[in-house]
Each structure stands twice: as C-alpha cells, then as structure tokens.
Amino acid sequence: MLKLFATSGFSWPRFMVYVAGGLAFVAGIGVYRSLPTSSALDCQISSGYRAAPKKLSESCLYSDISKLHISTQLRKFTPNYQLWSDGSSKSRWIYLPPNSQIDTSDPDQWIFPVGTQVFKEFRQYTNEPQPREIKVETRHLQKITPGYGEDSWLLSTYQWNTEQTDAFKLSAGARHVLNTDHHIPSEQDCVSCHKGSKDILLGFDAIQLSDAQARLAFGHGPARGEGEWLLSELMRQGKLTDAMPLPVLPGDDLQQQVLGYMHANCGNCHNPLGHAAEQEAGHLKLKHQLAFDSIEKTDVYQTAVNQPSKNFTAVPYIALGARRDELALYQSAIFVRVNSTDENYRMPMLAREKVDYKALDLLHRWLLSVPTPDEVEFNKTGKQEEVAGSDKTYSDRSSPLTGKGLQLEVQFFNDVFVPPAMVMYLPQDTSLQATPIMDHEDGDFTDTLILGNRGDQLSLRNSDDVGHTIYVNDKQHDIKWQLQYMPPGSEFEQELFWDNDVFVEMRCRLHLYMSAWVGSISSRYHTISKFGPAESYKRVEMQGYPEDFDQVKIWLPKFTPIDTRIRVGEEQRFDLYRGQQLQGQIRIKRFPQ
C-alpha cells in the first residue's frame, strides 16, 4: 500500500514523502529513513525525520512514557551555569548519533552533527494550597540539515497535559500553564534567544561542561548527577573533533561565578550573533571567549564594567563599581534591570517575569568588590543639579480673555510641570478621518502629540540614522503593543484600536528619553498646542466650529482631562493639580465667532 503525505517543519522547504513497506522515499533524495512502527522511537531512526511529532510520546525521549523511562540512547547533561527560568527546575538530555563528532575547531562555537537531538524538561509548582511540582513543558531541538544556524534545526515545544501522561506540540506560546507561573515562549522568542549561538544549542559548550569549572557552578536547579556528560568524557569518547584543555574562567571565585552567570543568562543575546546586536546594543558583549586569560581582558570588563550606558539611559552606567560607595549599585543598568520585572526594563527581557534573587545577590557582592572610578561623584544633598529654568516658579498671570470663538489661557506655576503638548477639541463631531504620521529624526520623535480616529492607521517612520523599538504599555487603560525593531529607513503601520478620548504614550526601548503621545478622538474640530522648554504661559484660540456644539474637552499629559459644556458669554476656570499640589490653571471663555 502506498501512502502520500507532506512533511513540514520550522523555516525550511517542504518535502514530499512516499511511504511503502516501512521505508520512506523523499522526493528527489531517495530512501531516507524507516518510519516509526511504535510510539517509542529509536533515536537513530527519528533523527532522519524533518517533521516534529505531534506528541512527545512519539519522539525518542522515552522508552516507556507510561513509566517516564528515559531512553538509554540519550544522555543527561547539566550546565555549570543554569539559565534562570522563573524558578523552574529543568532536566536536559542529548542524543549524539553513533560515529559522529561535534566540530570543535572553533572551541567557542561548536557545530553539531546532523541527527543531534536535545530535550529540555521544565517543572514548576502549582498554585494550590498544597503545591505540587509537575511537568509543564518539554522543548525538543533536532538538527536536520548540514551546516549551522536556525535553518539547520527543528525547534519544537510541548505542553504537558493535566494527567501528566503526555505532552502535545504547540505552535504558539502559552501562559500560566497547568495553574503554575510557567509561561511557554513563542517560536520567535525561542529563535531570538538561541540564534546567539552559531549552531543554536545553548548550555552545551566548553565552559558549561568543563569539569574544572564545576566546583563554582551557579544557578537554580538540580545539581549535576553521576553519569552525566562532562567535557573530559566527551573527549575521552572521541566526540569532539579537536581536543582542548579543560577551561577555567579567569578571576577569583566571585568573578568566575559572575562571568559564568552572564555567559548563561546574558551572553546568548549580548554577543555579535545575538538578538541584542540587532537592537542597537552591539557594543555590549557578555558571552565568554576561551581566549580571555585574565579578568581584565574579558568582554564583560571591557564593555560593561565602569562603562557608560548607551541605550538604557535611566541610569548612567552599565556596571558601575561600588567599592567606594554602595549607591553605585543603583546607577548600574545591570543591577537595576536584573532587579526589575517590568517588561520595559527587565533583563533578560524574554521568558522572565520573576526576579532571580540569588543572582541579584551575586551581582551585589561582585559590584561591591569592583573599584569605583575616581571621577564618579554621588549627589547626597537631596537637591537635583541645577538646570537653567527647570525649577522656576511663577505667580498668577491671568489677563482678560477677548476675541472670537473659544479663547483659552493656560499657565503653569512651575516650569517642571509644563507638558509637551495640549489638545482642545469638540467631541460632538464624529467626522475625523486622518492618517497620523510619526517620524524619527536626530534620535527622537519628530512630534510630541498626534491624533487620529479609532480604527485609523498610524504611520510610524524612521528617517533617523539609528534604529528604534517603539512600544505602548498603558496600564491604566490596558493598552499594550510593540513594534519589532525599526531599522533606519523603515516604515510600519499600527491601528489606533483603543477607544476615543484615550491618549497613550509611545516610548522607545532603546532610547528611554524618547516620549510622544497618540490620541484617539472622533472630532475634526480640534487644536493642538505645543509647549517649548519653560513655556509656562500660552493663549489658544479655536474658531470655525458649529455654533450648536457646546461640549469642550481638554487633555494634557499627566493631568486630569477636562470635560465641560460652555455657552457664548460664559467663562470657566479649571485648576491643574499634580497630586495635592496646585501646579497650573486653565481659563476658557466663549465668544461669538
């Protein structure tokens, strides 16, 4: 009997496979591999397939999944420095095809033989009165073609069922799996992390498997057990093309643990091949190279220690030595971001929503041991450095309102609270049709406030010579979106999907000083006012609207919106508060047009 079906996978061409008599014939290739005849596959056979099974039980991980017996064809390994995964405990197994070798001609970038398979199991505790540790996810990586990189690999992830009897393949991510805090990342997130390694695999390299480095192992999860792969055993069995000395990280014990932690938790993105290098952060390199024979020569010390921040501008340094003063910890981006769970600030950025306090303590102790540069000063006076005009106060400057239509006066009593923009509009109109445009030049947005109607398409352009990653995270209105990295010269569209009369702030993950507002309104009768630095007083006029429209709305960033009705001849006043403090005032009077 002849069967015909198509295989599919992850980012490679599809093949037609003809099945007859237990043999698979791949179109254009010939006999490829026998197909499975039972749920417990032979790893040598399954390594020839180019499509991931739908169930984990159909892979070669288990010889008997009903008893959770791991196949003896796989061998367990545990990295010296384990990646933090929100407190998940993990187990890892690898299958290396018989008579194959890992190409270690570049000892920092191993290239694996076709047929290599890796399984990684995640376990978490349930959110129950009596928590239970259960299996939540198993990831499967299989090398299917010669060469290296993501196109040579099949990446799959499986979510376990409630009964803990099997796991099923997912194409998208999942959150709070099986009533735990575990979140399964999307395929794209997996690729974003793994592409920082030349041949995709993470945690299976010289530093991670070095017997000589094992005494300073660090990270959450079970310790390495007997019979697991070590670098010395790989060399003894001839699994590496090029032997190497057992590497030891440079520095004292504390410095070695920090280098190992960053190699595993930061270096996958922060290296020339990694995701961060595509996000304007190529200057920061945190993956260790075996050629570094002293702590001073490492990329961590060359690109991070006592180096100024270039993207994360909320703090001035990447990793500021705190030996002279502990206050330096809070001027270090590494310390601040590892201690954050906000998706706009946290590091690692992907697949982490909990703080690794053990790692935070490690970084704390390390930074306290690093010398503070002599030129660094700490302001402990309780006063901000003086900026011209930044804290000037004013008395009431009200003057008579005259003219036609709507006349508005706005004043602020302190320059600190002057907003970048303000809009006055008549919401009774619903005829606005707009294509709002926001561009980027000279490292910033080209406008401070743009408007459109709900459903309009916002055009985001980048005429800058640097890239940007634009996002909105408005927790008050539960509005969230993010564009992927915008290289120079690019253009994207984003729908204004939120309700009218809602204004959201756009920011840039790469340049934190950048801020602009996008408002959704329905009225073509509106006027936008821009404020320059220290422009604390402004008069605004609006005409040309239907006389029967009497509702007026006024919006300013960081202040309570104004919604009022006003008739010809009336004058109204509104106090502008920040917290309990009066910081400004708006007066509006309506005249005949």
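Look at TRP498 and say whether it is under 23 Å from the mean Cα position of the chain (by Cα) and among the aromatic types (Phe, Trp, Tyr). Answer is no for this residue. Does SER192 qualify as being farther than 15 Å from GLU121 by Cα, at pLDDT below 90, in a helix (DSSP H, G or I) and of a type outside the set (Asp, Glu)? Against the criterion (farther than 15 Å from GLU121 by Cα, at pLDDT below 90, in a helix (DSSP H, G or I) and of a type outside the set (Asp, Glu)), SER192 qualifies. For segment 80-99, the set of residues classified as out of contact with any helix residue (DSSP H, G or I) (no Cβ under 8 Å at 6 or more places or on another chain) and either touching a residue at least 40 places away in the same chain (Cβ under 8 Å) or hydrophobic (A, V, I, L, M, F, W, C) (or both) consists of SER85, ASP86, GLY87, SER88, SER89, LYS90, SER91, ARG92, TRP93, ILE94, LEU96, listed by residue number.
How many residues are among the hydrophobic types (A, V, I, L, M, F, W, C), out of contact with any Ser or Thr (no Cβ under 6 Å at 6 or more places or on another chain) and either open to solvent by less than 50 Å² (accessible area, probe 1.4 Å) or touching a residue at least 24 places away in the same chain (Cβ under 8 Å) (or both) if we restrict to segment 224-241?
Kept after step one, since they are among the hydrophobic types (A, V, I, L, M, F, W, C), are these residues of segment 224-241: 229-231, 234-235, 240.
Now narrow it down to the ones that are out of contact with any Ser or Thr (no Cβ under 6 Å at 6 or more places or on another chain): 229-230, 234-235.
Those left that are additionally either open to solvent by less than 50 Å² (accessible area, probe 1.4 Å) or touching a residue at least 24 places away in the same chain (Cβ under 8 Å) (or both): 229-230, 234.
Selection size over segment 224-241: 3.
For segment 246-258, the condition holds for no residue, the condition being that it is in contact with a Pro (Cβ under 7 Å, 6 or more places away or on another chain), free of Cβ contacts under 8 Å to residues at least 60 places away in the same chain and not in a loop (DSSP other than H, G, I, E, B). In the set (1) in contact (Cβ under 8 Å) with a residue 60 or more places away in the chain; (2) in a loop (DSSP other than H, G, I, E, B), GLN73 fails one condition alone, (1). Quick check on segment 580-590. Is at least one of its residues among the charged types (D, E, K, R), outside any loop (DSSP other than H, G, I, E, B), farther than 20 Å from GLY405 by Cα and in contact (Cβ under 8 Å) with a residue 60 or more places away in the chain? The answer is no, given that none of the residues of segment 580-590 is among the charged types (D, E, K, R), outside any loop (DSSP other than H, G, I, E, B), farther than 20 Å from GLY405 by Cα and in contact (Cβ under 8 Å) with a residue 60 or more places away in the chain. Take the conditions (1) under 20 Å from GLN255 (Cβ atoms); (2) in contact with a helix residue (DSSP H, G or I) (Cβ under 6 Å, 6 or more places away or on another chain); PHE312 misses just one of them, which is (1).
When you look at LEU41, is it crowded, with 18+ Cβ neighbours inside 10 Å, assigned to a loop (DSSP other than H, G, I, E, B), among the aliphatic types (A, V, I, L, M) and at pLDDT 90 or above, yes or no? Criteria not met by LEU41.
Which of the residues spanning segment 196-223 are farther than 18 Å from THR104 by Cα and either open to solvent by 40 Å² or more (accessible area, probe 1.4 Å) or not in a loop (DSSP other than H, G, I, E, B) (or both)?
First, the residues of segment 196-223 that are farther than 18 Å from THR104 by Cα: 212-223.
Selection gives ALA212, GLN213, ALA214, ARG215, LEU216, ALA217, PHE218, HIS220, PRO222, ALA223.
In segment 508-535, the residues that are in contact (Cβ under 8 Å) with a residue 24 or more places away in the chain and over 18 Å from GLU441 (Cβ atoms) reach residues that are in a strand (DSSP E or B) and among the aromatic types (Phe, Trp, Tyr) with C-beta atoms within less than 7 angstrom, at least six apart or across chains, in these pairs: ARG509/TYR471; GLY519/PHE503; GLY519/TRP555; ILE521/TYR425; SER523/TYR425; TYR525/TYR425; HIS526/TYR425.
Answer yes or no: is there a residue in segment 437-445 that is under 29 Å from GLN543 (Cβ atoms), assigned to a loop (DSSP other than H, G, I, E, B) and not charged (D, E, K, R). Scanning segment 437-445, I find no residue that is under 29 Å from GLN543 (Cβ atoms), assigned to a loop (DSSP other than H, G, I, E, B) and not charged (D, E, K, R), so the answer is no.
Let's see how each residue does on (1) among the β-branched types (Val, Ile, Thr); (2) open to solvent by less than 70 Å² (accessible area, probe 1.4 Å); (3) within 30 Å of ASP464 (Cα to Cα); (4) at pLDDT 95 or above:
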{"site": "PRO487", "(1), (2), (3), (4)": "no, yes, yes, no"}
{"site": "ARG507", "(1), (2), (3), (4)": "no, yes, yes, no"}
{"site": "GLN551", "(1), (2), (3), (4)": "no, yes, no, yes"}
{"site": "TRP555", "(1), (2), (3), (4)": "no, yes, yes, yes"}
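Scanning segment 368-409 for residues that are of a type outside the set (Ser, Thr, Tyr), modelled with pLDDT of 85 or more and more than 34 Å from the chain's Cα centre (by Cα) turns up ASP396, ARG397, PRO400, LEU401, GLY403, LYS404, GLY405, LEU406, GLN407, LEU408, GLU409.
Is one or more of the residues making up segment 226-237 in contact with a His (Cβ under 7 Å, 6 or more places away or on another chain), modelled with pLDDT of 95 or more and closer than 28 Å to LYS354 by Cβ? Break it down into steps so the answer makes sense when it comes.
Pass one, segment 226-237, residues in contact with a His (Cβ under 7 Å, 6 or more places away or on another chain): none.
Scanning segment 226-237 turns up no residue that is in contact with a His (Cβ under 7 Å, 6 or more places away or on another chain), modelled with pLDDT of 95 or more and closer than 28 Å to LYS354 by Cβ.
With respect to (1) farther than 28 Å from PRO185 by Cα; (2) outside any helix (DSSP H, G or I), the lone exception for LEU368 is condition (2). Residue-level check: of (1) assigned to a loop (DSSP other than H, G, I, E, B); (2) surrounded by 17 or more Cβ atoms within 10 Å (Cβ to Cβ), PHE503 misses just (1). Taking each residue of segment 553-565 that is in a loop (DSSP other than H, G, I, E, B) and looking for partners that are hydroxyl-bearing (Ser, Thr, Tyr) and open to solvent by 80 Å² or more (accessible area, probe 1.4 Å) with beta-carbon atoms closer than 8 Å, six or more apart or interchain, yields PHE559/TYR577; THR560/TYR577. Tallying residues that are touching a Cys at 6+ places or on another chain (Cβ under 9 Å) and hydrophobic (A, V, I, L, M, F, W, C) within segment 409-453 yields 1.
Let's see how each residue does on (1) touching a Ser or Thr at 6+ places or on another chain (Cβ under 9 Å); (2) more than 18 Å from LEU512 (Cβ to Cβ); (3) at pLDDT 95 or above; (4) not acidic (Asp, Glu):
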{"site": "GLY260", "(1), (2), (3), (4)": "no, yes, yes, yes"}
{"site": "LEU273", "(1), (2), (3), (4)": "yes, yes, no, yes"}
{"site": "ALA276", "(1), (2), (3), (4)": "no, no, no, yes"}
{"site": "ALA281", "(1), (2), (3), (4)": "no, no, no, yes"}
{"site": "THR313", "(1), (2), (3), (4)": "no, no, no, yes"}
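Give segment 405-450 a look and list any residue that's in contact with a Pro (Cβ under 6 Å, 6 or more places away or on another chain), open to solvent by less than 20 Å² (accessible area, probe 1.4 Å) and within 25 Å of GLU491 (Cα to Cα), or say none. Quick ask: steps written out before the conclusion?
Taking segment 405-450 first, the residues in contact with a Pro (Cβ under 6 Å, 6 or more places away or on another chain) are 419, 448, 450.
With open to solvent by less than 20 Å² (accessible area, probe 1.4 Å) added as a condition, the list becomes 419, 450.
Matches in segment 405-450: ILE450 only.
Per-residue answers, yes or no, for (1) open to solvent by 70 Å² or more (accessible area, probe 1.4 Å); (2) at pLDDT 95 or above; (3) within 32 Å of the chain's Cα centre (by Cα); (4) not aliphatic (A, V, I, L, M):
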{"residue": "LEU512", "(1), (2), (3), (4)": "no, no, yes, no"}
{"residue": "ARG524", "(1), (2), (3), (4)": "yes, yes, no, yes"}
{"residue": "ILE528", "(1), (2), (3), (4)": "no, yes, no, no"}
{"residue": "PRO533", "(1), (2), (3), (4)": "yes, no, no, yes"}
{"residue": "THR560", "(1), (2), (3), (4)": "yes, no, yes, yes"}
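Out of all the residues in segment 269-290, is one or more basic (Lys, Arg) and surrounded by fewer than 20 Cβ atoms within 10 Å (Cβ to Cβ)? Steps first, answer last, please.
Initially, segment 269-290 is screened for residues basic (Lys, Arg), giving 285, 287.
So of that shortlist, the ones also surrounded by fewer than 20 Cβ atoms within 10 Å (Cβ to Cβ) come out as none.
No; the residues of segment 269-290 include none that is basic (Lys, Arg) and surrounded by fewer than 20 Cβ atoms within 10 Å (Cβ to Cβ).
Please work out if ILE479 is modelled with pLDDT of 90 or more, surrounded by 15 or more Cβ atoms within 10 Å (Cβ to Cβ) and farther than 17 Å from THR435 by Cα. Against the criterion (modelled with pLDDT of 90 or more, surrounded by 15 or more Cβ atoms within 10 Å (Cβ to Cβ) and farther than 17 Å from THR435 by Cα), ILE479 qualifies.
The values are calculated or read from the model by the stated rules, or taken from the named source; none is laboratory data. Because the structure is predicted, anything quoted here is derived from the model rather than measured. Note: ideal-geometry Cβ built from the backbone for every residue, glycine included; neighbour counts use all protein chains shown. Remember, those area values only see protein heavy atoms, side chains included, never the ligands or the DNA or RNA. Shrake-Rupley method; radii C 1.70, N 1.55, O 1.52, S 1.80 Å.
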